[in-house]
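Please read the structure below before turning to the comments.
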Amino acid sequence: MTPRMVFVLGTRPEIVKLAPIIRACDRAAVDYSVVHTGQHYSERLDGVFFDDLELPAPDYNLEVGSGDHAAQTGEMVARLGEVFERESPDVVVVQGDTNSAFAGGIVASKRDAELAHVEAGLRSFDRDMPEELNRVLIDHAAEHLFAPTDEAADQLRTEAIPDRRIEVTGNTVVDAVRQHVQLAREKSDVLAELDLGEAPFALLTAHRPGNVDDPERFRGLLDGVGQYADDRELPVVYPVHPRSREKIDAFELDVPDAIACIEPLNFLDFLRLESEADVVFTDSGGVQEETCVLGTPCVTVRESTERPETLTVGSNVLAEPTPKSIVDAADEVRRGRNDWEPPFGDGHAAERILETLGVDVSAVSGEVPV
Ligand code: UDP
């Protein structure tokens, strides 16, 4: 019997990476509901993503909003308990490492529902990152661990998670990028809107607490990207996450002239910029993967990454938030060849995930646009 599913999500990367599975559920006539916790709640950080990715509106919006980790997670746990009571899911699907995924995971694992974790086995080995604890705890509670790569599956085995729970599926980010990049080329006017024309440019995203909550680190990051932009005559586009905007104002930071700060972008516009940029500077998880899939060199301003496969293939180089480190890293990654083989799968991760969960995917299978 096809399982009844509930998807729990709350932030833009979860919407992007669960979208291929949710759309496949529609095609395979799976009975499912989507619960949005409201962890990210603005139109720009989630509403536009449902439109771009052609997803139905969530069945529930818990409107939890921001708050400290304990209050936010506690609120989600209480409300998800009520939703699961009403929905009685056979399977609860969560993705990644957010508080929403953790709350969904913990409530599901204490009920008579199987917990499925999409993007299992990622580790930065940095327990100071709130996401790292969420990853570990969800993986150890889950019944189905969908690892994007062999390396992630090996990590789960070293933590004594039984093999029968682990499936290597590829990352659904490849499904999402390949299903939307052509649409982005056809529909997005962002290059013209930003007056970018044919000239080379760079893209920047930075919003991790480790970078933007510390004025010295955030200043070093902006100055480093600004210096690279000046040295190489490369204008930089920075769609600023609301938490970073708040910090720029609070710390009264001077953003270098070469960096154009704009509002966060919808997925198609952002994908277009990522695919056309000469280099991307980021501290995002999803952006490290998307640039790798798109063939765009990436500099990640962090001490560690839970996506080491990107370092191995040469699509990504880590940097400290200082001008010298950022400039050196950008030169290094742009010097390399960008014909690496993306290590995150073939764009059919969503089908493999549904098949493992007992869904007949014959109506779903097909060629993925490149
Ligand atoms: N993204 C977007 N618009 C933006 C910045 C990012 O659509 O202005 C997308 C990006 O393509 C990726 C996701 O948001 O799919 C990454 O989100 P974020 O960096 O917030 O989260 P992380 O991946 O670090 O968890």
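The values are calculated or read from the model by the stated rules, or taken from the named source; none is laboratory data. Small disclaimer: the values here were computed from a predicted structure and weren't measured. All Cβ positions, even for glycine, are placed from backbone atoms using ideal geometry, and neighbour counts span all protein chains on display. What goes into the accessible areas is simple: the full protein's heavy atoms, side chains included, and nothing from ligands, DNA or RNA. Shrake-Rupley method; radii C 1.70, N 1.55, O 1.52, S 1.80 Å.
If you go through region 208-224 and pick out every residue that is open to solvent by 30 Å² or more (accessible area, probe 1.4 Å) and out of contact with any Pro (no Cβ under 6 Å at 6 or more places or on another chain), you end up with 8. For region 259-272, check the following and say yes or no: at least one residue is open to solvent by 50 Å² or more (accessible area, probe 1.4 Å) and either more than 15 Å from the ligand (Cβ to nearest atom) or of a type in the set (Asp, Glu) (or both). The answer is yes; a qualifying residue exists. Residues in region 148-182 that are open to solvent by 40 Å² or more (accessible area, probe 1.4 Å), touching a helix residue (DSSP H, G or I) at 6+ places or on another chain (Cβ under 7 Å), under 22 Å from Pro20 (Cβ atoms) and away from the ligand (no atom under 16 Å from the Cβ): Glu151, Glu167, Val168. Looking only at region 278-287, residues that are open to solvent by less than 10 Å² (accessible area, probe 1.4 Å) and more than 11 Å from the ligand (Cβ to nearest atom) come to 2 in all. Of everything in region 288-307 that is in contact with an Asp or Glu (Cβ under 7 Å, 6 or more places away or on another chain) and farther than 22 Å from Pro215 by Cα, the residue that is farthest from the ligand (Cβ to nearest atom) is Thr296.
Is one or more of the residues making up region 354-369 in contact (Cβ under 8 Å) with a residue 60 or more places away in the chain, surrounded by 15 or more Cβ atoms within 10 Å (Cβ to Cβ) and on the phi > 0 side of the Ramachandran plot? Within region 354-369, none of the residues are in contact (Cβ under 8 Å) with a residue 60 or more places away in the chain, surrounded by 15 or more Cβ atoms within 10 Å (Cβ to Cβ) and on the phi > 0 side of the Ramachandran plot. Can you tell me how many residues in region 326-353 are buried (at least 18 other Cβ atoms within 10 Å of the Cβ) and in contact (Cβ under 8 Å) with a residue 60 or more places away in the chain? Number satisfying all stated conditions: 14. Pairs linking a residue in region 27-48 that is within 15 Å of the ligand (Cβ to nearest atom) to a residue that is open to solvent by less than 20 Å² (accessible area, probe 1.4 Å) and assigned to a strand (DSSP E or B), with Cβ atoms under 9 Å and 6 or more positions apart or on different chains, are Thr37/Val8; Thr37/Leu9; Gln39/Leu9; Asp46/Leu9; Asp46/His36. Take Ala199 and tell me if it is of a type in the set (A, V, I, L, M) and either part of a helix (DSSP H, G or I) or outside the structural domain of Thr310 (by TED's automatic domain parsing) (or both). Considered against the rule, which asks whether it is of a type in the set (A, V, I, L, M) and either part of a helix (DSSP H, G or I) or outside the structural domain of Thr310 (by TED's automatic domain parsing) (or both), Ala199 comes out as no. Residues in region 129-147: is at least one touching a residue at least 24 places away in the same chain (Cβ under 8 Å), aromatic (Phe, Trp, Tyr), crowded, with 16+ Cβ neighbours inside 10 Å and in a helix (DSSP H, G or I)? Within region 129-147 (the criterion being touching a residue at least 24 places away in the same chain (Cβ under 8 Å), aromatic (Phe, Trp, Tyr), crowded, with 16+ Cβ neighbours inside 10 Å and in a helix (DSSP H, G or I)), the answer is no, since none of the residues qualifies. Looking at region 328-350, is at least one residue closer than 30 Å to Met1 by Cα and hydrophobic (A, V, I, L, M, F, W, C)? Yes: one or more hits. Counting only strands (runs of 3 or more DSSP E) that sit wholly inside region 1-108, those with at least 1 residues that are among the polar types (S, T, N, Q) are 32-36, 91-95. The set of residues in region 90-99 being under 28 Å from Met1 (Cα atoms) and within 25 Å of the chain's Cα centre (by Cα) consists of Val91, Val92, Val93, Val94, Gln95, Gly96.
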